[in-house]
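These notes concern the structure reproduced below.
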Amino acid sequence: LLLGLIALLAVHCVWAEETTGDDFTPPQSLKEGWYARIETGMGRIVARLLPVQAPQSVAHFVALARGEMEWTDPVTGERLRQPFYDGTRVDYSKAGTSFEVGRLSGTGGVAPLIYVPIEGPGPVNFFSGGRLGMGRSPLGRISAVIFFVTVSAQPWLNGEHPCFGEIVEGEEVAHRIAGVKTFNNGRPMEDIRIDGIHIFSVGEPAPLPEPKRYHPPRATPTPVR
């Protein structure tokens, strides 16, 4: 009877793993900390998150990825609490430079209006490629929704965009995405979807910070001379 029960439990565990479709095992080389596993139509990217140097950037990114933060659909006005990035697509790409995610399809390039303060720079910065950063609006406000992934050194971004993560696995995937053919506006001709962003930890890192509502200062128009 005991052997039969053990066998039944083993079968159940295998079934549960297969039905989730999730066969990911974190590499043993990963240091203690928090990580994001970004599943795309072109492969997997794993990035170490940097909550010490960019606490609110990480807090908002994680809350949106998990579906823990309410956001408003910019077209319908509907308030939603569900994983934001699942099913979104890469909406901008520049060969040898970066790609960007966070604008909802069918909105004309609009994302929910959620912002974070300028954070950093810290020890991990844009002097090297393979970094995750938060986007910036034309008015200089830092989006808490739109993020980009660099594939080359872009030091001019330091102090202008929070660097909140660094790639530890799948940098070749980031290069492939950044290298796709695009239209004149930078939108990839190929539909590259984000299948999901999954947050996980290695070891026993400190708890992640909680996202705080941030109201950026009102932009001052530049006087016309």
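The values are calculated or read from the model by the stated rules, or taken from the named source; none is laboratory data. This structure is a prediction, so every number in the text was calculated from the model and none was measured. Every residue, glycine as well, gets a Cβ built from its backbone with ideal geometry; the counts of neighbours run over all protein chains shown. Just so you know, the surface numbers come from the protein's heavy atoms only, side chains and all, with ligands and any DNA or RNA stripped out. Shrake-Rupley method; radii C 1.70, N 1.55, O 1.52, S 1.80 Å.
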**Message:** Could you check the range 129-138 and list, in sequence order, the residues that are assigned to a loop (DSSP other than H, G, I, E, B) and within 10 Å of SER98 (Cβ to Cβ)?
**Reply:** GLY129
**Request:** Residue by residue through the range 129-145, note down the ones that are under 18 Å from GLN56 (Cβ atoms), open to solvent by 10 Å² or more (accessible area, probe 1.4 Å) and not small (Gly, Ala, Ser).
**Result:** ARG131, ARG136, ARG141
**Complete:** Those residues of the range 23-40 which are of a type outside the set (A, V, I, L, M), within 22 Å of ARG193 (Cα to Cα) and within 15 Å of the chain's Cα centre (by Cα) amount to TYR35, ARG37, GLU39, THR40
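Taking GLU190 as the residue in question, decide whether it is within 19 Å of SER93 (Cα to Cα) and more than 18 Å from the chain's Cα centre (by Cα). Outline the logic, then answer.
Numbers: within 19 Å of SER93 (Cα to Cα): yes; more than 18 Å from the chain's Cα centre (by Cα): yes.
Considered against the rule, which asks whether it is within 19 Å of SER93 (Cα to Cα) and more than 18 Å from the chain's Cα centre (by Cα), GLU190 comes out as yes.
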**Asked** Any idea how many residues of the range 75-128 are part of a strand (DSSP E or B), surrounded by 15 or more Cβ atoms within 10 Å (Cβ to Cβ) and either charged (D, E, K, R) or in contact with a His (Cβ under 6 Å, 6 or more places away or on another chain) (or both)?
**Response** 5
**Message:** Quick check on ALA54: is it within 28 Å of PRO188 (Cα to Cα) and modelled with pLDDT of 65 or more?
**Reply:** no
**Asked** Among the candidates VAL149, VAL145, which residue alone is among the aliphatic types (A, V, I, L, M), under 22 Å from ILE199 (Cβ atoms) and in contact with a His (Cβ under 8 Å, 6 or more places away or on another chain)?
**Response** VAL145
**Item:** Selected residue [within 24 Å of THR25 (Cβ to Cβ), surrounded by fewer than 15 Cβ atoms within 10 Å (Cβ to Cβ) and touching a residue at least 40 places away in the same chain (Cβ under 8 Å)] from GLU204, GLU171, GLU210
**Value:** GLU204
**Prompt:** If we scan the range 63-74, do we find a residue that is modelled with pLDDT of 95 or more, in a strand (DSSP E or B) and open to solvent by 50 Å² or more (accessible area, probe 1.4 Å)?
**Reply:** no
